[in-house]
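See below for the structure under consideration.
What follows is calculated from the coordinates using simple rules that are stated; it is not laboratory data. Given the structure is predicted, the values throughout are model-derived calculations rather than measurements. Please note: Cβ atoms are built from the backbone with ideal geometry, for glycine as well, and neighbour counts cover all protein chains shown.
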Amino acid sequence: MRLSPVILTVLIAGLAYNTPPEMAFSRLLPAAPALAAAMWTVLPTVLLGTVCLILMIGLSFIFPDLGTWWTCAGIVAVTVAAAYGSHVRLQRERTLFQVRLVADAAQQVVLSPMPRLLGRIEIESLYLAAAAEASIGGDFYEAADTPHGVRLLIGDVRGKGLPAVGAAAAIVNAFREAAYGETDMVEVARRLDASSMRYNAAFPPEGPMERFATALLVQIPHEGRRIDILNCGHPPPLLLTNGEIHALESANPSPLLSLADLIGDRYSIDTFDFTPGDLLLLYTDGIAEARARDGEFFPLASWMGRQPRTAPHELLTALHRDLLHYSRGRLDDDIAALAVRLRGPAPQGSESR
């Protein structure tokens with residue numbers, strides 16, 4: 001690709017030399033520096049324009065009736081414009097590079113590197129921003145190895161852009177503190193809601209719509225056996241066990257973050273069996289709502305039901321591949337997912353309610 005301006009120059013010059021003068025292929029020479037401006041720096045662009053000018057003058061000695069001076073004037077004008085365009089493009093690329101550095105720094109704050117093994121719990125994460133230019137959006141996740149067990153958080157802030165990133169950061173930072181300090185997951189959820197409310201008060205959302213977030217809290221005791229789930233309006237996790245897929249629906253969903261004052265702060269915890277080899281998938285709605293060209297949603301539950309017993313990393317690699325293939329690489333929303341598996345021998349007995 002980077003050599004295409006040179007190839008174009010050679011092609012035009014060759015056609016101009018080997019065809020009748022009335023076909024006037026030489027008049028296409030200004031296209032070469034114009035193309036170079038899209039991928040080269042200023043100096044190589046100017047040098048290519050100079051080469052085109054010399055070629056045009058050389059062709060005029062072979063074909064005197066080419067209208068040389070008009071074409072030469074066009075080459076000079078296009079080369080000057082191309083050099084300026086190249087300069088502007090480079091400035092914008094530098095600005096975009098700086099913006100991406102800031103986005104990467106924000107990503108490290110909100111989405112810190114996920115530990116792949118906490119005790120006997122294997123964890124893998126996946127994140128895809130809907131905007132091709134961005135590396136982070138309003139989806140978030142976190143994991144903490146606490147005295148109360150391994151605690152996981154995944155959620156989605158309504159909206160996109162920097163306000164959504166700030167709201168996600170406030171929730172994740174609150175979880176990092178509360179996950180260690182609170183014995184009861186209900187109190188963890190209350191602290192997340194309070195942090196979200198404080199952020200919204202400090203940075204009110206634009207427009208009439210309230211800014212809120214869905215969240216899913218999961219607690220897995222170090223010995224395994226079960227998982228405790230507190231669901232604040234988030235899509236239910238999927239559990240793959242013994243070749244069967246189960247959506248872990250909450251009997252009494254808890255309020256979304258920032259809405260507890262409006263609809264009440266009654267939180268409930270549901271408990272399910274979790275044995276060695278089981279795969280648990282936590283995800284945001286961007287996955288379940290990814291669409292094909294015909295408008296059909298991605299069949300996440302049936303897709304996961306077809307997956308073999310595999311490691312979390314391999315599961316999310318397959319999900320990433322199949323999701324992009326299904327949506328033809330066009331995502332309408334940010335995507336986040338956590339895959340969790342309990343390793344080791346099966347514990348004696350199990351608890352479930």
- Note on the structure: For the stretch 115-124, in residue order, the Karplus 3J(HN,Hα) values (coefficients 6.51, -1.76, 1.60; θ = phi - 60°; whole Hz; Gly and Pro = x) are x, 7, 8, 10, x, 9, 9, 8, 9, 9
- Note on the structure: Cα-Cα pairs in the stretch 235-353 separated by more than 20 Å, as a whole percent of all pairs, come to 51 percent
- Highest mean packing first, using Cβ neighbours within 10 angstrom, the peptides 251-263, 117-129 sort as 117-129, 251-263
- Task: Let me see the pair-distance distribution of the stretch 4-102: every alpha carbon pair, 10 Å bin width, integer percents in order.
- Result: 17, 43, 23, 10, 5, 1
- Message: Need the C-alpha centroid separation for the stretch 200-263 versus the stretch 282-302, integer Å.
- Response: 18 Å
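Calculate, in nm to one decimal, what THR19 and GLN98 gain on full extension: separation in residues at 0.36 nm each, minus their alpha carbon distance. Provide the component values of the computation, followed by the final result.
Numbers: separation 79, 0.36 × 79 = 28.44 nm, distance 4.90 nm.
So the chain would gain 23.5 nm between THR19 and GLN98.
Working out 0.36 nm times the residue gap between LEU3 and LEU324, then minus their Cα-Cα distance, what length gain in nm do you get to one decimal? Mind showing how you got there, number by number?
Numbers: separation 321, 0.36 × 321 = 115.56 nm, distance 3.08 nm.
That works out to 112.5 nm of additional length.
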- In terms of the Cα gyration tensor, with a ≥ b ≥ c the square roots of its eigenvalues, is the stretch 186-293 rounded because a/c is under 1.5, prolate because a/b exceeds b/c, or oblate? oblate
